[in-house]
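In what follows, a single structure is set out as structure tokens and then discussed.
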Amino acid sequence: MKAITVEPKKPGSARYEDFPEPDVREGSVLVEAVAVGVCGTDVEIVEGKYGWAPPGKTRLVLGHESLGRVIDPGPSSSFKAGDLVVGIVRRPDPVPCPNCAVGEWDMCTNGQYTERGIKEIHGFMSERWRIEPEYAIKVDASLGLLGVLLEPMTVITKAIEQVFLAGQRAYWEPRTVLVTGAGPIGLLAALRLSARNLQVHVLDRAETGPKPQLVRDLGATYHTGSVLDLDFAPDIVVECTGVGAVIADSIQKVNSGGIICLTGVGAGGAAERATADIAAAVVLKNNVIVGSVNANKRHWYKAGQNLAASDPAWLSRLITRREKPENFQQALVRQPDDIKVVIQFSDI
Ligand code: BGC
């Protein structure tokens, strides 16, 4: 079969190449790939900045935002041939740490977790892949290609859960939310938060393209420019850019008692404001800054419900480009109006 593979930490090593059929030890359910979403993490892996091959191997099959069709459900699953499934990304560490021991692999504390397509286990950018039945999530057939949005939806389902859990520490009536960054994660955050009794604002650099209207169609307000210029102090910030200046501005701008959830992974940047000044603002306003990564089965289950309950016409506007596997290099290069680019392996 063919797969998109990379030698982690080696820039420019990604290839679409012949690759052995998936090993039965990777799971008893055999799946035909339908599509795989491309995200910033994939770009980082291809640029040689992140990622780990399986032990003893040099190459890693890329891809963690999956959608596939069951070919063979195997002897021990409740799936049927033809079911649409998505694979959970992370596996608990083998020690296990207390969090992995109770199924909270997203909160792994010793860092020995593994992740499909990212850390030591092959991903889903291959014509066929295998998965353990307990790590495959069936998606509503009516979702079709939109099932590929399940993984990003799990990330935001966890992040929003974290915000409201943190909010329990005191009496709290949040009214306004700011989402920074209108990529797939930011837009899915806006979608989910606008389903609550909150005024949702989204800030992004883009002045044209599909993002402003997608936000307005949620009944939310779209902004460009600086967070500091907004005429309100948000009770919740869901930070989806990973850009240092946007993070520092958000901490400065957030309301008293407000909660900032960081979901973006950035790097570097100038130290625009002194750490102690940022900390002082957080102290004096009783703010919470909560980082959120990955998702456990509870979030996958809820995200599946959330996705199936969302307007499919709105969701489909998030998938702005489909590329063939042989053109994966084009899929990795961001174009101005891109939101979610998917690599499509087979028809749906
Ligand atoms: C994935 C997460 C993963 C994280 C860190 C993200 O792109 O969506 O599942 O935990 O990268 O590797």
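The values are calculated or read from the model by the stated rules, or taken from the named source; none is laboratory data. Note that the structure is predicted; figures quoted are calculated from it, not measured. No Cβ is skipped: glycine too gets one built from the backbone with ideal geometry, and neighbour counts run over all protein chains shown. Protein only, heavy atoms only, side chains kept; ligands, DNA and RNA dropped before computing areas. Shrake-Rupley method; radii C 1.70, N 1.55, O 1.52, S 1.80 Å.
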**Study point:** Count of the range 221-241 residues which are in a loop (DSSP other than H, G, I, E, B) and in contact (Cβ under 8 Å) with a residue 40 or more places away in the chain
**Key:** 7
Study note, to complete from the structure: Exactly one of Val333, Val243, Val237 is within 28 Å of Ala166 (Cβ to Cβ), surrounded by fewer than 21 Cβ atoms within 10 Å (Cβ to Cβ) and away from the ligand (no atom under 16 Å from the Cβ), and that one is Val243
Point to revise | Long-range neighbours under 8 Å by Cβ, at least six apart or interchain, first residue small (Gly, Ala, Ser) within the range 35-50, second open to solvent by less than 50 Å² (accessible area, probe 1.4 Å) and within 10 Å of the ligand (Cβ to nearest atom) | key: Gly37/Glu65; Gly37/Glu151; Gly37/Pro152
Point to revise | Test: Ser77 is in a loop (DSSP other than H, G, I, E, B), of a type outside the set (Phe, Trp, Tyr) and in contact with a Pro (Cβ under 9 Å, 6 or more places away or on another chain) | key: yes
Review point. Does Ile348 satisfy the criteria of being touching a residue at least 24 places away in the same chain (Cβ under 8 Å) and not in a loop (DSSP other than H, G, I, E, B)?
Key: no
Point to revise | Identity of the residue in the range 106-121, in contact with a helix residue (DSSP H, G or I) (Cβ under 7 Å, 6 or more places away or on another chain) and not β-branched (Val, Ile, Thr), that ends up farthest from the ligand (Cβ to nearest atom) | key: Met107
Practice item. Within the range 28-59, work out how many residues are within 15 Å of the ligand (Cβ to nearest atom) and under 26 Å from Ile339 (Cβ atoms). Key: 15
Review point. Name the pairs whose Cβ atoms lie under 8 Å apart, with the first residue in the range 135-158 and small (Gly, Ala, Ser), the second within 16 Å of the ligand (Cβ to nearest atom), and 6 or more positions between them or separate chains?
Key: Ala136/Val86; Ala136/Gly87; Ala136/Ile88; Gly147/Leu67; Gly147/Val86; Gly147/Leu307
Check your understanding: Do you know which residues across the range 286-325 are within 15 Å of the ligand (Cβ to nearest atom), assigned to a loop (DSSP other than H, G, I, E, B) and basic (Lys, Arg)?
Key -> none
Point to revise | Members of the range 114-132 that are open to solvent by less than 30 Å² (accessible area, probe 1.4 Å) and not in a strand (DSSP E or B) | key: Gly117, Ile118, His122, Gly123, Phe124, Met125
Review point. Does the range 164-185 include one or more residues that are at pLDDT 95 or above, in a helix (DSSP H, G or I), closer than 23 Å to Cys39 by Cβ and not polar (S, T, N, Q)?
Key: yes
